[in-house]
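The values are calculated or read from the model by the stated rules, or taken from the named source; none is laboratory data. A quick note: this is a predicted structure, and the numbers were derived from the prediction, not measured. Here Cβ is always computed from backbone atoms with ideal geometry, including for glycine, and neighbour counts include all displayed protein chains. To get the accessible areas, we keep the full protein, side chains included, count just its heavy atoms, and leave off ligands, DNA and RNA. Shrake-Rupley method; radii C 1.70, N 1.55, O 1.52, S 1.80 Å.
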Amino acid sequence: MKLLKQYLNLSLENQVPIEIIYLSKCGEFSQRKVLVRRISKEKVVAYCYLRNQIRSFSLDQILSASWSKKIKVS
């Protein structure tokens, strides 16, 4: 969970997209490229490139995060 929060914070602070694996409330997995806008204790508000809109994600339902494949990190 610590590494997940680091990715979320880096996306927020540097305005860099990341990819998340998310488990929806109905039990479906999805992989999303997002740009984090706000983080609270329970939710992450981010621009979702799949839906082309701002979406809200429950923090406890984000299973993993990583750099977006098109972003190079030095």
Quiz prompt | Top-ranked residue in region 1-11 [being more than 18 Å from residue 50 (Cα to Cα) and assigned to a helix (DSSP H, G or I); ranked as most open to solvent (accessible area, probe 1.4 Å)] | solution = 2
Exercise. For region 31-41, enumerate the residues that are open to solvent by less than 30 Å² (accessible area, probe 1.4 Å) and either more than 16 Å from residue 59 (Cβ to Cβ) or β-branched (Val, Ile, Thr) (or both).
Key: 34, 35, 36
Self-check item: Subset of region 30-67 [touching a residue at least 24 places away in the same chain (Cβ under 8 Å) and either farther than 15 Å from residue 4 by Cβ or more than 12 Å from the chain's Cα centre (by Cα) (or both)]
Solution: 33, 35, 37, 38, 49
Quiz prompt | Single match in 33, 69, 25, 2 (criterion: among the basic types (Lys, Arg) and touching a helix residue (DSSP H, G or I) at 6+ places or on another chain (Cβ under 8 Å)) | solution = 25
